[in-house]
Amino acid sequence: MKNKTYYIHTFGCQSNKSDSERIAGDYEARGYTEASDWRVCDELIVNTCAIRQRAEDRAKGFLHNVRVHFNEIGKQRPKIILTGCMTHHGNEKLYEMLPIVDEILPINEVGFNTAAIRKDVKHAWIPISTGCNSFCTYCIVPYSRGREQSRDFEAIITEVENLVDRGFEEITLLGMNVNSWGLEKLGIGFRKLMMENKEFTRDDLPDNQSQYLTPTGTPPFVKLLQAISAFEQIKKIRFMTSNPWDFHDELIAEIGRNKKIDRYVHLPIQSGSNAVLYRMNRGYTKERYLEVINKLRAADPDIVVGTDIIVGFAGETEAEFEETVQLSKEIDWKVGFVAIYSPRPGTASFRIYPDDIPHAEKKRRWEVLDQIINKDNFDSRPVVI
Ligand code: 5AD
Ligand code: SF4
């Protein structure tokens with residue numbers, strides 16, 4: 001009998017792509033083979049993104065095309081399984097919104113440890129943590145991916161060993177806050193989880209800082225980088241995404257001296273205005289961000305930094321936006337993923353701040369920043385409107 005086939009259509013970030021590799025691993029372990037196209041598979045897995053409304057619209061558009069296609073050819077459509085960040089809506093709402101979906105696969109069931117089916121033979125993505133506890137007020141991820149959970153050191157190293165045995169040379173460590181890896185085991189600090197507190201204003205929240213206690217000695221993430229670098233066969237290590245709040249001096253020193261670590265560091269700032277950063281519940285000020293950048297550049301002048309920025313966040317005044325413009329000129333990022341603020345139902349900013357910047361003005365601010373930051377690589381720049 002012919003094997004049943006699966007096809008995975010992936011939207012969104014690297015974490016989704018990595019999850020899809022492990023979903024593929026799970027299907028293959030159950031005897032399925034990969035179909036060449038969604039039009040000819042038995043099971044179609046749609047791995048969704050919800051970071052902005054546009055991302056959700058894309059998944060809806062894709063499912064619409066699937067429905068139209070099978071209606072047109074008059075054939076039985078595949079079984080459709082939805083996973084990824086749109087699962088934050090909850091099953092009931094999802095089945096109502098997208099009646100074509102047959103089954104919903106919660107992201108946390110994808111897990112860390114299923115063997116991944118990788119297309120690349122030299123470079124591998126390795127998830128080192130899932131979820132997020134940071135609760136930046138605009139962000140859906142803590143709701144869609146749940147609580148931050150670091151993967152065990154031994155499990156990560158075993159995966160690296162297996163990859164090395166198979167000839168892999170480059171590793172990218174993945175997580176929403178990679179540099180906070182292992183810190184939740186030290187305990188939560190002062191910052192309270194917002195999920196526990198349904199009714200609040202921004203004033204009820206503590207000041208910006210890491211949600212974790214500060215480690216004494218070498219931070220866990222630095223130990224992990226050192227352990228992976230110790231494999232002679234590993235030539236290059238990348239990691240994403242880092243945050244500015246757990247970017248300890250020991251990490252900066254390690255990046256400076258350990259040349260297996262890529263010289264490109266991705267460090268989202270989101271805004272150059274302290275007032276906006278505060279409303280976003282980010283764990284730092286622009287001064288602290290600048291300090292990290294200056295220390296990185298001092299540790300090795302070859303280090304280049306890229307960023308993510310949101311323009312038109314709720315209540316962003318012209319003066320606050322100008323602060324981001326000024327800082328962008330000062331810092332000279334290598335690349336900037338500039339996004340237009342998209343209020344996400346269920347997040348804190350959606351509940352407590354009106355989305356009061358007109359779209360045309362958001363677009364204008366986007367163009368201004370995109371020009372400034374991405375001027376040197378304009379044709380290959382990331383466009384994430
Ligand atoms: N609107 C616009 N951009 C967002 N991001 C996250 N949430 C939103 C939102 N609601 C951006 C941030 C983050 C990147 C992955 O997506 O800049 O770093
Ligand atoms: Fe979202 Fe902030 Fe967590 Fe990043 S750190 S995933 S922006 S809540």
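Can you confirm whether the range 268-286 contains a residue that is within 16 Å of ligand 2 (Cβ to nearest atom) and under 28 Å from Glu169 (Cα atoms)? Yes, the range 268-286 has at least one match.
Give the residues of the range 219-242 that are part of a loop (DSSP other than H, G, I, E, B), over 15 Å from Val178 (Cα atoms) and open to solvent by 10 Å² or more (accessible area, probe 1.4 Å), sorted by residue number. Across the range 219-242, the qualifying residues are Ala230, Phe231, Glu232, Gln233, Lys235.
Tell me whether the range 159-182 contains one or more residues that are outside any helix (DSSP H, G or I), at pLDDT below 85, out of contact with any helix residue (DSSP H, G or I) (no Cβ under 6 Å at 6 or more places or on another chain) and open to solvent by less than 30 Å² (accessible area, probe 1.4 Å).
The answer is no, given that none of the residues of the range 159-182 is outside any helix (DSSP H, G or I), at pLDDT below 85, out of contact with any helix residue (DSSP H, G or I) (no Cβ under 6 Å at 6 or more places or on another chain) and open to solvent by less than 30 Å² (accessible area, probe 1.4 Å).
Output the residue which, of all residues in the range 120-154 that are of a type in the set (Phe, Trp, Tyr) and open to solvent by 10 Å² or more (accessible area, probe 1.4 Å), is farthest from ligand 1 (Cβ to nearest atom). Per the stated criteria, the residue is Phe153. There is at least one residue in the range 332-348 that is modelled with pLDDT under 95 and open to solvent by 80 Å² or more (accessible area, probe 1.4 Å). Restricting Ile81, Ile8 to those that are of a type in the set (A, V, I, L, M) and surrounded by 20 or more Cβ atoms within 10 Å (Cβ to Cβ) reduces the list to Ile8. Is one or more of the residues making up the range 20-32 crowded, with 21+ Cβ neighbours inside 10 Å and among the hydrophobic types (A, V, I, L, M, F, W, C)? Yes - at least one qualifying residue is present in the range 20-32.
Being surrounded by fewer than 17 Cβ atoms within 10 Å (Cβ to Cβ), without any contact (Cβ under 8 Å) to a residue 60 or more places away in the chain and hydroxyl-bearing (Ser, Thr, Tyr) is a property that Thr317 has. Checking each residue in the range 243-290 for being open to solvent by 10 Å² or more (accessible area, probe 1.4 Å), of a type in the set (Ser, Thr, Tyr) and in a helix (DSSP H, G or I) picks out only Tyr278.
Residue-level check: of (1) touching a helix residue (DSSP H, G or I) at 6+ places or on another chain (Cβ under 6 Å); (2) more than 14 Å from ligand 1 (Cβ to nearest atom); (3) at pLDDT 95 or above, Gly272 misses just (2).
Out of the residues in the range 349-362 meeting the condition of being modelled with pLDDT of 95 or more and away from ligand 1 (no atom under 13 Å from the Cβ), tell me which one is least open to solvent (accessible area, probe 1.4 Å). Among those that are modelled with pLDDT of 95 or more and away from ligand 1 (no atom under 13 Å from the Cβ), it is Glu361.
The values are calculated or read from the model by the stated rules, or taken from the named source; none is laboratory data. Just so it is clear, the model here is predicted, and its values are computed rather than measured. Neighbour counts are summed over all protein chains in view; Cβ atoms, including those assigned to glycine, are modelled from backbone coordinates with ideal geometry. With ligands, DNA and RNA removed, areas are computed over all heavy atoms of the protein, side chains included. Shrake-Rupley method; radii C 1.70, N 1.55, O 1.52, S 1.80 Å.
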